Amino acid sequence: MVQANIGVVGLAVMGSNLARNFASREGNTVAVYNRTWAKTQTLVTDHPEAGFIASKTIEEFAASLAKPRTAIIMVKAGTPTDAVIDELVAVFEPGDIIVDGGNALFTDTIRREKAVRETGINFVGAGISGGEEGALKGPSIMPGGSDESWVTLGPILKSIAAVVDGEPCVTHVGHDGAGHFVKMIHNGIEYADMQLIAEAYDLIRRGTGKPPAEIADIFTEWNKGELESYLIEITAEVLKQVDAKTGTPLVDVILDEAGSKGTGVWTVQTALDLGVPVSGIAEAVFARALSSKPEQRAAAASLPGPDENAWKLADGSETSTDAFIEGVRLALYASKVIAYSQGFDAIVAGAEQYGWDIKKGDIARIWRGGCIIRARFLNRITDAYAENPGLVALVTAPFFVDVMERTQTAWRTVVADAAHAGIPTPAFSSSLAYYDGLRADRLPTSLVQGQRDFFGAHTYKRVDREGTFHTLWSGDRSEIEATDSH
Ligand code: NBP
């Protein structure tokens, strides 16, 4: 009897596409199972070329897999995933491998890995990016789990991943929840990148009055240079689109209330717990939240704004318009570098907290293809970590120092212009504030420490002496060396 080397459980859009992707690669035989049989039937009937081995029950599914059995779960994240894991654990044996390819929260993956490991079965949480098309044609895959499971799983995942410069976009990220953690940060960076692009569009639209179709051409042009990326490419496509019903640009008829599925929020919550400033990502999440408050926005619409003439795009000539657009491009690039730098800081902090050995350069490498944030400059991040694996902040790598050198003046001008004009640029502005905070010699947090000591005796350290100190604020205001009780 022919047995499959890989199985897929959950045959909605992602699972079906992933199963078809597996089946299209030489050497793979694919078993499929879905809770509702009709969905399995449809897939098998629509794709006879795939040669799927379809099962009606989880027992048949387990029997259709060669050992060690390897199955990828692609069901709704949360309790459905737990339910399917329980079903598989009941029919799998020690040494078999269960992979969760859904968008699980990494702490759930840590919990599940621990529980499944006790049965002798391997559990791998794998982040899969690229949406429906990536699943079908080649996603970027971020698996966690044990070294043992990677031996079997590695070649199977490499067979379906996107390929860039001959290298598959998959690597063993680290143990237990490391894969889902890195996927979460990927999504956080995606939020920041999208918000930055939206701010650039808004600035050009309101600053120059150009219609969306012309701005689409600007993005197409940008995509030929250092900003080349999937998100810039699709931005041009969206801006070009004309609404068939009204004949106006589609972007003007789409309601400006952005939704989210939660991974951006998880990134920010996790970063807060880890004490890592991911301000670009946080502003992107908050910008979507603000956009989705129609009542507040309506009530605030008549709040005072800048004078109409407070800001004009220089003299409005072609030269000044071109210079402004180039300024926005440079500001976008600088802010984007900060978003990635912050994202990698969060990866470093997560790796430290959870004991994962994450190779940062490899993460940038596997994000070059298949995923939403794929971009030309990811090569530069890989290079930066190859040159200096202990890099303390990505933005301090020589290549990015050069980028800051040539972008920062334009970045400041654009942020200042936006403030004068009353155009909101939360991600541009907060990225610049972060950059200036990072490079500051002294920060006013010395004053914050003084305030904390004043009202809560929280103590402070001094720049000139070892030890911890407290000023007797309500006494004679002399300074004492703090004891443990402070
Ligand atoms: P959905 O997230 O819509 O889930 C539908 C699947 O879950 C169906 O196969 C359904 O079976 C199954 N399912 C549910 Br719901 N409850 C179940 C249960 N208690 N027991 C067994 N099966 C159950 O599918 P999707 O959009 O293909 O996404 C799959 C996973 O991939 C999700 O975790 C998602 O977050 C992740 N993901 C999605 C994308 C994307 O672009 N859509 C990208 C990356 C990752 P049924 O047919 O019997 O109802």
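The values are calculated or read from the model by the stated rules, or taken from the named source; none is laboratory data. Quick caveat, the model's predicted, so the values are computed rather than measured. Every residue, glycine among them, receives a Cβ derived from its backbone with ideal geometry; neighbour counts consider all protein chains shown. Ligands, DNA and RNA are stripped out before the accessible areas are found, and what is left, the full protein with its side chains, is counted by its heavy atoms. Shrake-Rupley method; radii C 1.70, N 1.55, O 1.52, S 1.80 Å.
Observations
- Which numbered condition G145 misses (of (1) part of a helix (DSSP H, G or I); (2) open to solvent by less than 10 Å² (accessible area, probe 1.4 Å); (3) closer than 28 Å to Y191 by Cα; (4) more than 16 Å from the ligand (Cβ to nearest atom)): (1)
- Selection within the stretch 29-56 - part of a loop (DSSP other than H, G, I, E, B), within 21 Å of Q3 (Cβ to Cβ) and without any contact (Cβ under 8 Å) to a residue 24 or more places away in the chain: K56
- Positions within the stretch 251-264 being open to solvent by 50 Å² or more (accessible area, probe 1.4 Å) and touching a residue at least 24 places away in the same chain (Cβ under 8 Å), in sequence order: D252, D256, E257, G259, S260, K261
- Residue within the stretch 64-82 that is closer than 11 Å to Y33 by Cα and open to solvent by 50 Å² or more (accessible area, probe 1.4 Å) present: no
- Selected residue (only one of R117, R111 is over 23 Å from the mean Cα position of the chain (by Cα), surrounded by fewer than 20 Cβ atoms within 10 Å (Cβ to Cβ) and closer than 26 Å to I347 by Cα): R117
- Hey, D82 within 13 Å of the ligand (Cβ to nearest atom), in contact with a Lys or Arg (Cβ under 8 Å, 6 or more places away or on another chain), in contact (Cβ under 8 Å) with a residue 24 or more places away in the chain and under 23 Å from P155 (Cβ atoms) or not: no
- Matching entry among I110, I121, I128, I204 (being within 22 Å of A4 (Cα to Cα), of a type outside the set (G, A, S) and more than 16 Å from the ligand (Cβ to nearest atom)): I121
Yes/no matrix, rows are residues, columns are (1) part of a helix (DSSP H, G or I); (2) among the small types (G, A, S); (3) modelled with pLDDT under 95:
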residue	(1), (2), (3)
L272	yes, no, no
G280	yes, yes, no
R288	yes, no, no
E295	yes, no, no
W311	no, no, yes
T321	yes, no, yes
A331	yes, yes, no
A346	yes, yes, no
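- Single residue of E93, E26, E87 found to be among the charged types (D, E, K, R) and touching a helix residue (DSSP H, G or I) at 6+ places or on another chain (Cβ under 7 Å): E87
- Yes/no for I72 being closer than 16 Å to V124 by Cβ, within 13 Å of the ligand (Cβ to nearest atom) and part of a strand (DSSP E or B): yes
Yes/no per residue for (1) in contact with a Phe, Trp or Tyr (Cβ under 6 Å, 6 or more places away or on another chain); (2) closer than 26 Å to K224 by Cβ; (3) outside any helix (DSSP H, G or I):
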{"position": "N379", "(1), (2), (3)": "no, yes, no"}
{"position": "V395", "(1), (2), (3)": "no, yes, no"}
{"position": "F399", "(1), (2), (3)": "no, yes, no"}
{"position": "L447", "(1), (2), (3)": "no, no, no"}
{"position": "E466", "(1), (2), (3)": "no, no, yes"}
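- If you go through the stretch 85-107 and keep only what is open to solvent by 20 Å² or more (accessible area, probe 1.4 Å) and within 8 Å of the ligand (Cβ to nearest atom), you end up with E87, N103.
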